[in-house]
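**Q** What follows is a structure written as structure tokens; I'll ask about it next.
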Amino acid sequence: MQPFVLKRERELLMKFFRILILTLAAVLFCAGAAAEVRFDETLSAFPVKTEEGTWAENGPIPFTEEDQREGLLEIWFGRVNVCDCFVIRCNGETMMVDGGTLGHRGATQVLLDKLGITEVDYLFNTHHHDDHIEAQEYLVRKEMLNAGVFLTPYERDYNVDRQKKMQATVDSRGIPYRTMYHGDTIMLGGEDGALLQFFRWTGSTNANYSSMMCKVTYKERSVFLMADVTGKAQKALAAEQLDTIPWDADIFKLGHHGYSRQDATLLEAISPDLCVVTNSKTGAAESIRQLEREKLEYRTTPAGTIYARTDGGEEWVYTQDKSYLNK
């Protein structure tokens, strides 16, 4: 009987070690996946020259410089009134998301000028509303901005005036027009860069409801851009695609400028450490009350451009620049 007892003991011991290893792996995975998103007063949102004439480590390098810092995901949420205007950079490649209204193109241009941007690899428009597409179209048409490719949720010849105008403009500049569909992906910054995943609810022809969302993932860190998806569309997504879209993200750009509260189920699924509201505290009062009830940290872009960066590890650092509010 002794050999059998020893064999049984060995089996129990091996089972114990397997459970211990799996438990430790799970703990390490959770620890690695947890993010710290911290505000850093020493961080600059825009490039700063040192006395030696080099670019300060506590800020970005201008887009005009050939030597970019590798191994960073950087995002600027621009101060462009109550509009969406974002710049994303990883490993030297850049995507601009939306751009604001024609009337606020000056603020968009200030953001691009301060970063030294005259060309982007991807120009992405989430939908054809004026506060997302007009400044993009103007800057491209006036040859103040060039792009490697134009990304849109609409097929060519989509019968909406602003979209047709944008199509004509990118065609005139020789910029390829690419329709993005639900589930499409691109890599920003090469194989070792950021994964961009595009999602769209097609249950309505309403431009806000069907605007294109984007999740940006770099190693362990991520951002979810909700475009103008809100209300009915968020509820439908929570009911239909809670398990098919990777909602969880460290930073969450609220849907439709935070005009109305976000769906509670989706907000819980995203579980953000920082929320970005492209609206004033008054305009987004309902959403801000919701965020405060949930004890979620938030910043509003009318108070200044928000700059966040990460090396994909355990943390994000971010700041908010108010230096050009009156310029």
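**Q** Show the residue pairs that are 6+ apart or on different chains and have beta-carbon atoms under 7 Å apart, the first residue being within region 36-58 and touching a residue at least 60 places away in the same chain (Cβ under 8 Å), the second being of a type in the set (A, V, I, L, M).
**A** Close Cβ pairs (under 7 Å, with a partner that is of a type in the set (A, V, I, L, M)) amount to VAL37/ILE251; VAL37/LEU274; ARG38/VAL317; ASP40/VAL317; LEU43/VAL317; SER44/ALA56; PHE46/LEU115; PRO47/ILE61.
**Q** Looking at region 174-204, which of its residues are under 15 Å from VAL149 (Cα atoms), among the hydrophobic types (A, V, I, L, M, F, W, C) and in a loop (DSSP other than H, G, I, E, B)?
**A** Of everything in region 174-204, those that are under 15 Å from VAL149 (Cα atoms), among the hydrophobic types (A, V, I, L, M, F, W, C) and in a loop (DSSP other than H, G, I, E, B) turn out to be ILE175, MET180.
**Q** Quick check on my filter: what residues within region 282-311 are part of a loop (DSSP other than H, G, I, E, B) and surrounded by fewer than 17 Cβ atoms within 10 Å (Cβ to Cβ)?
**A** Of everything in region 282-311, those that are part of a loop (DSSP other than H, G, I, E, B) and surrounded by fewer than 17 Cβ atoms within 10 Å (Cβ to Cβ) turn out to be THR282, GLU294, LYS295, GLU297.
**Q** Still on this structure, I have one more. Identify the single condition in (1) of a type in the set (S, T, N, Q); (2) without any contact (Cβ under 8 Å) to a residue 12 or more places away in the chain; (3) assigned to a strand (DSSP E or B) that THR244 does not satisfy, given that it satisfies every other one.
**A** Evaluating THR244 over (1) of a type in the set (S, T, N, Q); (2) without any contact (Cβ under 8 Å) to a residue 12 or more places away in the chain; (3) assigned to a strand (DSSP E or B) leaves (3) as the failure.
**Q** Can you pull out every residue in region 108-152 that is charged (D, E, K, R) and over 12 Å from THR169 (Cα atoms)?
**A** Hits for region 108-152 are ASP113, LYS114, GLU119, ASP121, ASP130, ASP131.
**Q** Tell me which residues, restricted to region 60-113, are more than 18 Å from SER211 (Cβ to Cβ), at pLDDT 95 or above, in contact with a strand residue (DSSP E or B) (Cβ under 9 Å, 6 or more places away or on another chain) and of a type in the set (D, E, K, R).
**A** Correct list: GLU74, ARG79, ARG89, GLU93.
**Q** Kindly indicate whether TRP247 is in contact with a Ser or Thr (Cβ under 7 Å, 6 or more places away or on another chain) and at pLDDT 95 or above.
**A** No: the conditions fail for TRP247.
Table: residues versus (1) at pLDDT 95 or above; (2) more than 30 Å from VAL48 (Cβ to Cβ); (3) surrounded by 15 or more Cβ atoms within 10 Å (Cβ to Cβ); (4) out of contact with any strand residue (DSSP E or B) (no Cβ under 7 Å at 6 or more places or on another chain).
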residue	(1), (2), (3), (4)
SER211	yes, yes, yes, yes
LYS215	yes, yes, yes, no
TYR318	yes, no, yes, no
LEU325	no, no, no, yes
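The values are calculated or read from the model by the stated rules, or taken from the named source; none is laboratory data. Just so it is clear, the structure is predicted and the values come from calculations on it, not from any experiment. Every residue, glycine as well, gets a Cβ built from its backbone with ideal geometry; the counts of neighbours run over all protein chains shown.
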